[in-house]
């Protein structure tokens, strides 16, 4: 609970800091706020489960682990966002404040024990992201992305609210444990059909947030149109919070009707893998490729949800961390390279922007290569073990067929991830030496180091959760 209270307060403080004459204080202050929130997050480690806000919010080790991933990802993203202050038209206090408030919503989604708390968390996170997506007001792509995201998000929220209403009508409660008790002892009848319909509608709303097919149509355009720093935030923090919420929802309320919903999630997982991986192969824009890549990784995480066991819980946590680290590295390098090479005054976000990267910028090429290898699931990276744990959890549940499909789709992923590695090392380009701020470089190296460390020692946190 401490991070929620702290970030709510820090978000307001950040907005007031915007009135100061110098913008240079904003980034260090925001990073300090995140460090305090991250430290406060682990004060309750091994003390749970604890309930707050009239038993609407639950804090246990699983909650704290997901919170830690979200706050660490946010810290790294803020640390590479210093470019806000270079633009005289920007208002970094507003951006940082909105991002801190969105983190409050993300943490609510992770620890909710009441469906109203879930809805509040989703909306706090979503409204902030709608605004940030369209923050580049002079860019038509950004305006278009914000409009699409807002309209489709509003529809998804409608489905979600309708689902919550039906669940309340069937069970008479918004609390997860009471819904769980009803679902476990439910008899076939009108109330069971209402519960099934409510669950499906709620899942539609949540699956939209994590870019699962067929609710993914907004993702490529929004990822491409939004400023890259906010795309990074969206693809890591939002996705981690969404899957943490889905796991808590299904494991905390609907294990009694597992036979009903697991096949639905499995079918969506397969469709998501197909759409994400096949869609990524046809992209020439690196940023759109990462959008389809995010869709495909949602498919892998959905496989863990179909297993819904202790191993799958740990697999989701590990995979979320590995994916977040690699994605931050990929977008971090993209921001540096795309600013150096422009097309018509706009950042060049295509594959050819990386041509010859290794010759003049070997560190950036290495960081990008490790991130691509991890996203592809190549051994000795964290991404390999993330997929291995997910496939193992599904196999232990006896869902072999979905594991086979996922492995085949992983081989497709190697094609489009290796395209950027080939561009960096084997193609000639006119890239010059890119100046990287020292702290920016530290963040990229740290994320790369952790990706390799978790690839070499994947059991480093085993037994803690």
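Would you confirm, using the coordinates I've provided, whether residue 312 is under 15 Å from the mean Cα position of the chain (by Cα) and crowded, with 23+ Cβ neighbours inside 10 Å? For residue 312, the condition - under 15 Å from the mean Cα position of the chain (by Cα) and crowded, with 23+ Cβ neighbours inside 10 Å - is not met. Against the condition assigned to a helix (DSSP H, G or I), surrounded by fewer than 20 Cβ atoms within 10 Å (Cβ to Cβ) and within 20 Å of the chain's Cα centre (by Cα), how does residue 250 come out, does it pass? Criteria not met by residue 250. Is it the case, given these coordinates, that residue 242 is modelled with pLDDT of 90 or more, surrounded by 23 or more Cβ atoms within 10 Å (Cβ to Cβ), touching a helix residue (DSSP H, G or I) at 6+ places or on another chain (Cβ under 8 Å) and within 29 Å of residue 415 (Cβ to Cβ)? Yes, satisfied. Among residues that are surrounded by fewer than 24 Cβ atoms within 10 Å (Cβ to Cβ), within 26 Å of residue 1 (Cα to Cα) and touching a helix residue (DSSP H, G or I) at 6+ places or on another chain (Cβ under 7 Å), residue 65 is not included. Residues that are touching a helix residue (DSSP H, G or I) at 6+ places or on another chain (Cβ under 9 Å) and either surrounded by fewer than 14 Cβ atoms within 10 Å (Cβ to Cβ) or in a helix (DSSP H, G or I) (or both) within the stretch 344-355 comprise 346, 351, 352, 353, 354, listed in sequence order. Within the set 322, 358, the sole residue that is touching a helix residue (DSSP H, G or I) at 6+ places or on another chain (Cβ under 6 Å) and over 30 Å from residue 390 (Cα atoms) turns out to be 358. Among the conditions (1) more than 18 Å from residue 318 (Cα to Cα); (2) more than 20 Å from the chain's Cα centre (by Cα); (3) buried (at least 20 other Cβ atoms within 10 Å of the Cβ), the only one that residue 433 does not satisfy is (3).
Of the residues making up the stretch 238-247, not a single one is assigned to a helix (DSSP H, G or I), under 19 Å from residue 303 (Cβ atoms) and free of Cβ contacts under 8 Å to residues at least 12 places away in the same chain.
Just one of (1) crowded, with 19+ Cβ neighbours inside 10 Å; (2) without any contact (Cβ under 8 Å) to a residue 24 or more places away in the chain fails for residue 390. It is (2).
Among the candidates 98, 103, 161, the residue that is closer than 23 Å to residue 50 by Cα and either part of a helix (DSSP H, G or I) or at pLDDT 90 or above (or both) is uniquely 103.
Note on the stretch 275-297: residues that are surrounded by fewer than 18 Cβ atoms within 10 Å (Cβ to Cβ) and either without any contact (Cβ under 8 Å) to a residue 12 or more places away in the chain or part of a helix (DSSP H, G or I) (or both) total 3.
The values are calculated or read from the model by the stated rules, or taken from the named source; none is laboratory data. What you see is a predicted model, and the numbers here were worked out from it, not measured in a lab. Please note: Cβ atoms are built from the backbone with ideal geometry, for glycine as well, and neighbour counts cover all protein chains shown.
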